[in-house]
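Data block below; observations after.
The values are calculated or read from the model by the stated rules, or taken from the named source; none is laboratory data. The model shown is predicted, which means the values in this text are computed figures rather than measured ones. Note: ideal-geometry Cβ built from the backbone for every residue, glycine included; neighbour counts use all protein chains shown. Calculation scope for accessible area: heavy atoms of the full protein, side chains included, ligands and nucleic acids excluded. Shrake-Rupley method; radii C 1.70, N 1.55, O 1.52, S 1.80 Å.
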Amino acid sequence: MNAARLVLAATGVAVLTACSSDGTATPPTVEPVPTVSAPASVAASAPAPTGTPDLTDPQTVASGLDVPWGLAFLPDGSALAAERDTGRILQVKPGAEPREVYRVAGVDAGGEGGLLGLAVAADHAETDLVYAYFTASGDNRIVRFKLSGGEPEVIFDGIEKGSRHNGGRIAFGPDRMLYVGTGDAGDEPRSQDRADPSGKILRLTPDGEPAPGNPWAGSPVWSLGHRNVQGLAWDAQGRMYGVEFGQNTWDEVNVIEKGKNYGWPEVEGRGDDDRYVNPIVQWTTDEASPSGAAVSGDTLYVAALRGERLWRVPLGGGSTEAKFSGEYGRLRTVAVAPDGSLWLTTSNTDGRGDARDGDDRILRFPVR
């Protein structure tokens, strides 16, 4: 087990640390994450899958992919996977070859930009709608489209683009609103500018408008002070988690709350400043560089790029644990399927990893 350092969050997560007789730090113990108010009008959702993903039983469901980034599930249990550099969206399911079902026009891939996050509409069975976040020629933007065909509709644009820090994760929350993680595009002051969508978590209606109940009327901003958010997840109680890259020192897992400021660029990691929220977990950038996030039961799973591992974060208390260290290389996205299985994508063809035979791939871990 590789236990990471965890920190005291302003929301009340306590961390107890100790030293052994030889002076080395012992794994920290974390008290349960506190109750956090969820957005109003949370819609009833389907029961959460039960069971625990069996990380000893990997199944390769797709291989030979070109920088898979976004991953979202259709009602039939199959997945949509976005290829960052090609703009292709593939349908993936166990026992079948990946099949191209859509190609997003206007993707301007370069650096960390390209076709990034995907989200399937909550009413997809009726509307056939899928949402995508991508880097275009002049900005980052969000479109929606039907898999059956037709031109995509731009629902939100004007998010600053850069060679790095484009954010890109999108997900529908339990309130059926669209949450968007954006990056600072390498221009740090943007993260503290409430009028700028960069370096934020946004909360939008399915039509791309600022969602009712946002902290500032008429604004899409839900939280600010972020550097590069690439992971969004919710637990069964509706608590939201965001994971993001640090600069040179600390990567973060945060409990995301309405209108809160998470400190970047004034703070990296724990700042103990009343103006900003402390992360509930921080890792060194060598250990993590976290991208995707997903909750299964009382565990948050975080995929790490530079750290080349999958982190398990026990939300009910305990020590974080690293799995697969170096086994699959860079890990980009982790997601829980409707049947409870855990899906994990590699990112070894993104120009920063060492590609292996079969890369990039999508792995599936069944429940037990």
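For the chain, modelled as a GNM whose springs connect Cα atoms under 10 angstrom apart, the maximal fluctuation among Ala337, Ala81, Ala293 occurs at Ala337. Taking all protein chains as present, what is the carbon and sulfur share of the accessible area of region 176-216, in % to the nearest whole number, probe 1.4 Å? After summing per-atom areas, the C and S share lands at 46 percent. First check a/c for region 309-368, with a ≥ b ≥ c the square roots of the eigenvalues of its C-alpha gyration tensor; if it is under 1.5, answer rounded, and if not, answer prolate when a/b is larger than b/c or oblate otherwise. Taking the square roots of the gyration eigenvalues as a ≥ b ≥ c, region 309-368 is oblate. Across region 91-246, Cα pairs under 8 Å and at least six residues apart give a relative contact order of 15 percent.
In order along region 148-160, the Karplus-derived 3J(HN,Hα) couplings, from 6.51 cos²θ - 1.76 cosθ + 1.60 at θ = phi - 60°, round to 6, x, x, 6, x, 10, 6, 10, 7, 9, x, 7, 4 Hz, and Gly and Pro are given as x. For Lys258, a cut-off of 27 angstrom between C-alpha atoms picks up these lysines, skipping any fewer than 8 places away in its own chain: Lys161, Lys200. As a length-normalised measure over Cα pairs under 8 Å and 6 or more apart, the relative contact order of region 244-287 settles at 49 percent. Nothing charged except the Cβ atoms of Lys and Arg (+1) and of Asp and Glu (-1): what's the magnitude of the dipole of the chain about its Cα centre? Round to the nearest 20 debye. About 340 debye. In the chain, Cα pairs under 8 Å separated by at least six residues give a relative contact order of 18 percent. For region 275-343, trypsin sites (Lys or Arg not before Pro) are listed when DSSP marks them as loop and at most 14 other Cβ atoms sit within 10 Å of their Cβ; the list is Arg275. Rounded, prolate or oblate: which one fits region 56-128, using the alpha carbon gyration tensor with axes a ≥ b ≥ c (rounded when a/c is under 1.5, else prolate when a/b beats b/c, else oblate)? It comes out oblate by the Cα gyration axes. Within the shell defined by Cβ-Cβ distances under 14 Å, the residues around Ala337 carry a net charge of -1, with Lys and Arg each +1 and Asp and Glu each -1. Name the residue farthest towards the positive end of the dipole of the chain from the options Phe73, Gly158, Ser219, assuming +1 on Cβ of Lys and Arg, -1 on Cβ of Asp and Glu, about the Cα centre. Selected residue: Phe73. Couplings for region 363-368, taken from phi via the Karplus curve 6.51 cos²θ - 1.76 cosθ + 1.60 with θ = phi - 60°, read 9, 10, 10, x, 7, 10 Hz in order; Gly and Pro are left as x. Ordering of 113-119, 347-353 by packing is 113-119, 347-353, highest average first (other Cβ atoms within 10 Å, averaged per residue). The residues of region 185-250 expose, per residue, 35 Å² of accessible area to a 1.4 Å probe. Which residue, Pro290, Leu204, Gly114, has the largest displacement toward the positive end of the dipole of the chain when charges sit on each Cβ (Lys, Arg +1; Asp, Glu -1)? It is Leu204, whose Cα lies furthest towards the positive end. Taking every alpha-carbon pair within region 126-271, the share separated by more than 22 Å comes to 35 percent. Within the shell defined by Cβ-Cβ distances under 14 Å, the residues around Pro49 carry a net charge of -2, with Lys and Arg each +1 and Asp and Glu each -1.
Note on the chain: helix-only mean residue ellipticity at 222 nm, from DSSP H runs of 4+ residues weighted -39500 (n - 2.57) and normalised by residue number, equals 0 deg cm²/dmol.
Converting phi to 3J(HN,Hα) with the Karplus coefficients 6.51, -1.76 and 1.60 and the offset θ = phi - 60°, region 255-272 yields 7, 8, 10, 3, x, 7, 10, 9, x, 5, x, 6, 9, 10, x, 6, x, 6 Hz in sequence order, with x at every glycine or proline. Proximity of backbone amide H atoms, modeled 1.01 Å from N, is registered between Gly340 and no other residue at under 5 Å, excluding neighbours fewer than 5 places apart on the same chain.
About its Cα centre, the dipole of region 190-283 is roughly 160 debye, where the only charges are +1 on Lys and Arg Cβ and -1 on Asp and Glu Cβ. Under 5 Å between amide hydrogens, built in the peptide plane, is the criterion, and for Tyr102 it picks out Ile89 among residues at least 5 positions away or on other chains. Cβ under 15 Å from Gln237's Cβ, Gln237 left aside: what net charge do those residues give with Lys, Arg +1 and Asp, Glu -1? For residues surrounding Gln237, the net value is -3. Taking a ≥ b ≥ c as the square roots of the eigenvalues of the Cα gyration tensor, region 247-301 is oblate, since a/c reaches 1.5 or more and a/b is not larger than b/c.
For the chain, the equivalent ellipsoid derived from the Cα gyration tensor has semi-axes of 28, 24, 20 Å, listed largest first.
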